[in-house]
1. Do we have residue 447 as within 21 Å of residue 351 (Cβ to Cβ) and open to solvent by less than 60 Å² (accessible area, probe 1.4 Å) here?
2. Only one of 318, 303 is in the same structural domain as residue 430 (by the TED database), open to solvent by 40 Å² or more (accessible area, probe 1.4 Å), under 30 Å from residue 258 (Cβ atoms) and assigned to a loop (DSSP other than H, G, I, E, B); which?
3. Tell me, yes or no, whether segment 299-308 has at least one residue that is of a type in the set (Ser, Thr, Tyr) and in contact with an Asp or Glu (Cβ under 8 Å, 6 or more places away or on another chain).
4. Of 347, 342, which residue is assigned by the TED database to the domain that holds residue 111, of a type in the set (Val, Ile, Thr) and either in contact with a Lys or Arg (Cβ under 7 Å, 6 or more places away or on another chain) or surrounded by fewer than 24 Cβ atoms within 10 Å (Cβ to Cβ) (or both)?
5. Can you tell me which of 514, 519, 505 is open to solvent by 80 Å² or more (accessible area, probe 1.4 Å), on the phi < 0 side of the Ramachandran plot and acidic (Asp, Glu)?
6. Here's a check for you: in segment 600-630, which residue that is under 18 Å from residue 540 (Cα atoms) and assigned to a helix (DSSP H, G or I) is modelled with the highest pLDDT?
7. Can you list the helices (runs of 4 or more DSSP H) found entirely within segment 44-128 that contain at least 2 residues being buried (at least 24 other Cβ atoms within 10 Å of the Cβ)?
Amino acid sequence: HHRMFLEPQEKKRSMKALVVKQARKTCSCTPAKVKDYVFSFFPVLQWLPKYKLKEYLLGDVMSGVIVGVLLVPQSIAYSLLAGQEPIYGLYTSFFASIIYFIFGTSRHISVGIFGVICLMVGQVVDREVQRAGYDLEPAALSVLTDTAEDVNTTISPVNQTLQKLLCDKSCYAITVGATMTFIAGVYQVTMGFFQVGFVSVYLSDSLLSGFVTGASFTILTSQAKYLLGLNIPRSSGIGSLITTWINIFRNIHKTNICDLITSFLCFLVLIPSKELNEHFKSRLKAPIPVELVVVIAATLASHFGNLRETYGSSIAGHIPTGFLPPRPPDWNLIPNVALDAIPIAIIGFAITVSLSEMFAKKHGYSVRANQEMYAIGFCNIIPSFFHCFTTSAALAKTLVKESTGCRTQMSGMVTSLVILLVLLVIAPLFYSLQKCVLAVITIVNLRGALRKFKDLPKMWHLSRVDTVIWVVTMLASALISTEIGLLVGVCFSMLCVIFRTQRPEAPLLGWVAESETYESLSAYKNLQTKPGIMVFRFEAPLYYINKECFKSTLYKQTGVNPVWVKAAKKKAAKRMLKEKEGGSGGKQTSISMDFVSEPLGFHTIVIDCCAVPFLDPAGIRTLQEYGEIDVQVLLAQCNPSVRSSLIRGEFFKEGEDHLLFHSVHQAVDFA
């Protein structure tokens with residue numbers, strides 16, 4: 001055996017020097033460093049001066065206008081989902097586009113209202129609104145209003161509460177939404193500051209996809225009452241999906257026929273039109289804005305048909321023009337919503353980071369995950385002072401933005417200008433728009449998430465574990481609640497990772513003739529073995545969690561359990577000692593001696609450690625067991641980390657550290 005001599009690199013392990021070096025690097029301040037920091041914090045300063053007007057402007061303007069036209073009806077519709085008045089959805093889309101333009105590093109993603117986030121915000125808003133006492137039905141409110149007008153008395157504390165109850169429900173709802181948005185933004189900026197963008201890796205694609213699909217069922221359920229024109233309370237908490245459907249079926253006899261027919265007609269127009277848009281997207285220069293056409297047509301029909309007065313249809317109501325004066329979040333509400341903001345913050349940044357990285361990879365540029373967290377955090381913190389609720393990147397609008405020629409985030413500014421035009425001029429014209437039309441728009445936009453069921457057979461073929469994670473997360477998000485569903489998904493996916501390391505592949509290896517290669521005997525035929533030598537490969541880290549799996553698999557493969565062999569030897573040795581003391585015949589003694597020295601069928605185990613990334617002390621002790629029954633254990637293809645652990649753990653006796661081999665073939669030759 002010719003030993004290879006590898007000289008290790010010298011490592012300076014002075015922690016003090018490392019801390020001092022890092023502190024100097026962090027605390028030093030030079031003009032160049034300040035400039036780099038400012039440019040990295042405001043990416044717009046990097047790309048805007050290099051903007052190619054002739055090359056980029058047409059695509060950016062076209063995509064910005066199209067996304068803006070699509071975003072107007074969706075912003076109004078998703079406001080309903082978030083438990084807010086329509087105007088606040090338009091505010092949210094307007095401010096999010098401008099702020100991401102300044103802070104974002106992705107050229108293509110569209111940041112604004114996202115259905116799942118709106119659902120999670122709406123659930124908290126409804127809970128807090130009810131907790132504050134704003135849960136009277138509209139009929140009761142009108143009676144109280146008439147009574148208050150008839151009885152002209154001095155304002156008592158009770159009447160003050162009544163006045164607050166009568167006029168401030170929507171105001172209180174946006175206060176709750178804005179406060180939670182502020183807290184979610186603070187969480188996201190904090191995560192960016194501490195550079196914990198890596199957290200998003202724990203939210204795998206299958207987990208996020210399952211979560212969005214499960215939440216889509218909850219969104220669909222929450223909008224079903226508007227399709228039927230039912231006036232039922234919004235369920236929240238665990239099992240809200242089932243509770244909502246029970247309430248719908250209990251009240252189905254109260255269905256508003258006008259709303260039902262309108263919903264049906266809108267579905268008839270929107271679904272085929274959306275399908276045609278997708279089918280011919282390669283031929284169309286821009287998608288047909290069917291949603292806007294439906295909204296305009298439905299508003300005109302509702303206005304001139306007097307649907308509210310004649311049939312009692314629920315409408316959007318007055319949408320004011322202009323902007324409300326800025327107002328800080330309600331600091332007293334923070335303890336109530338701080339916990340709810342955590343899953344919203346995590347989902348918001350995870351979707352934003354994953355979408356930005358996906359489109360950056362597709363178009364050949366890079367994004368910074370931590371800067372994306374700053375961007376989405378400020379897209380929540382700053383607008384929270386302007387009556388907005390939580391935002392994130394949205395896949396559907398991002399795809400439209402990319403396919404219509406977007407080149408930079410200048411298209412986001414164009415989108416905000418389109419929304420500004422609506423806010424300043426057009427918004428009041430949507431007064432007569434039926435809420436059932438907005439519900440149809442929301443439900444039709446869930447098609448992408450619900451289509452994931454078609455991909456399940458392919459996903460199952462690629463990875464059964466990922467498919468199970470998808471199904472568990474989807475069911476938990478739909479049937480329990482969105483927040484608990486996310487938590488269940490994360491915990492279950494981590495358990496799957498742990499389970500994979502606990503039950504890894506661990507085959508015996510055989511020699512491929514006329515080569516130096518060793519492969520699994522259970523996977524390939526016609527492999528040769530060397531007499532007296534077992535070659536074993538363990539395809540996972542060897543540590544305290546899976547050491548029992550390692551031992552049981554190795555015992556099963558070799559057919560020898562060192563513990564039993566040692567116990568048998570001790571027993572035989574005791575029996576032999578007793579026989580000597582008792583003066584028994586030599587025949588029995590020789591039988592006992594034969595039992596003690598019975599051959600095991602092999603003298604060496606070669607362990608291929610190429611798939612073992614690390615060891616811990618428990619793993620080292622496990623490797624030493626066969627040495628105690630005079631079976632030589634040789635380790636091959638250990639990485640530097642494993643070698644270092646073995647030497648520190650005194651695995652080798654003095655002078656035996658040469659028994660580490662750089663290939664399995666080398667170890668077998670030595671044996």
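The values are calculated or read from the model by the stated rules, or taken from the named source; none is laboratory data. Only a predicted model underlies this, so the values are computations on that prediction, with no experimental measurement involved. Methodologically, a virtual Cβ is constructed for each residue, glycine included, from the backbone with ideal geometry; neighbour enumeration extends over all protein chains shown. Note: accessible area is taken over every heavy atom of the protein model, side chains too, but ligands, DNA and RNA are not part of it. Shrake-Rupley method; radii C 1.70, N 1.55, O 1.52, S 1.80 Å.
1. yes
2. Unique residue meeting the criteria: 318.
3. No, segment 299-308 contains no residue that is of a type in the set (Ser, Thr, Tyr) and in contact with an Asp or Glu (Cβ under 8 Å, 6 or more places away or on another chain).
4. Among 347, 342, only 342 is assigned by the TED database to the domain that holds residue 111, of a type in the set (Val, Ile, Thr) and either in contact with a Lys or Arg (Cβ under 7 Å, 6 or more places away or on another chain) or surrounded by fewer than 24 Cβ atoms within 10 Å (Cβ to Cβ) (or both).
5. Only one candidate passes the filter, namely 505.
6. Among those residues, the one meeting the criterion is 617.
7. In segment 44-128, the matching helices (runs of 4 or more DSSP H) lie at 53-81, 86-103.
Per-residue answers, yes or no, for (1) at pLDDT below 85; (2) under 25 Å from the mean Cα position of the chain (by Cα):
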position	(1), (2)
477	no, yes
490	no, yes
506	yes, no
531	no, no
536	no, no
549	yes, no
554	yes, no
